[in-house]
Every structure is written in C-alpha cells, then in structure tokens.
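Structure first, commentary second.
Values quoted throughout were computed directly from the atomic coordinates according to the rules given, and no laboratory measurement underlies them. Since the structure is predicted, the reported quantities are computational estimates derived from the model, not experimental observations. So basically every Cβ, Gly included, is an ideal-geometry build from the backbone, and we count neighbours across all protein chains shown.
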Amino acid sequence: MQYDLKEKFAELWEYIANNRCFMHNRAPDQWLNPALPNCRHCEQSNCVRPIPTKKKAINWLFLLLGQLLGCCKLAELKYFCKHTSNHRTGAKDRVLYSTYMGLCTQLDSTGPFHM
C-alpha cells in the first residue's frame, strides 16, 4: 500500500482548513473511526489494521496520509505526543486531534495546524 504525499496531504490540508473551526480541538468521527483498507489476500473488506505491535515501529506519516491514526490506541497516541512535546492528556479524540495537528505542522509549519 502506498500514498502520494503531495496529493494526500493536500486533501488533508484542505479538510482541516475548512473544518478546523468546527472541531473544537477534538478529532472528528471520521478520524476516530477510519474506514480500514481491504485485505488483498482474503478479499475481506474493512479489516486491515496497519498498526505494528511496537510503538517505535509505527509509521506515523503513512497513518496520517491514510487518515488511519484513529486505529492507534490511546497509549500509542500519547507516545507520539510525548516524543513531539505535545500535550498528551485527555480523551482519545483530543489526543488524536493533537497528533494530527502535530504531524501536519511537521509537514507544513505555515499551514492552519497550530493549536
């Protein structure tokens, strides 16, 4: 599975720019419960969870571009926030929002991602 960085980030950038004022520092439902990719081997739909078992092995950029960060457990999201000096307490929707904004800020520091 692969993503085009410019294309997928542009989609995400536009979504955040248009909807950030309605989010109130909370991740929307589509981020909390993302549609999962289909399995190429068994052809089962909405079943592939792209999260490795070790936090250090998580490909954060891949999950961001696929808008699959909601597949992460709260502890994994807090791990990311800890290592990027972001606030990491609160409910999953708030920590997930911080994770999205933190990753987006790393890709475009001038974008609409500052909290």
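Just give me the residues in segment 81-115 being basic (K, R) and either within 24 Å of E7 (Cα to Cα) or more than 13 Å from the chain's Cα centre (by Cα) (or both), in sequence order. Steps first, answer last, please.
Just the residues of segment 81-115 that are basic (K, R), to begin with: 82, 88, 92, 94.
Those that are basic (K, R) and either within 24 Å of E7 (Cα to Cα) or more than 13 Å from the chain's Cα centre (by Cα) (or both): K82, R88.
Considering segment 56-91 alone, what residues qualify as being surrounded by fewer than 17 Cβ atoms within 10 Å (Cβ to Cβ), part of a helix (DSSP H, G or I) and of a type in the set (D, E, K, R)?
K56, K82
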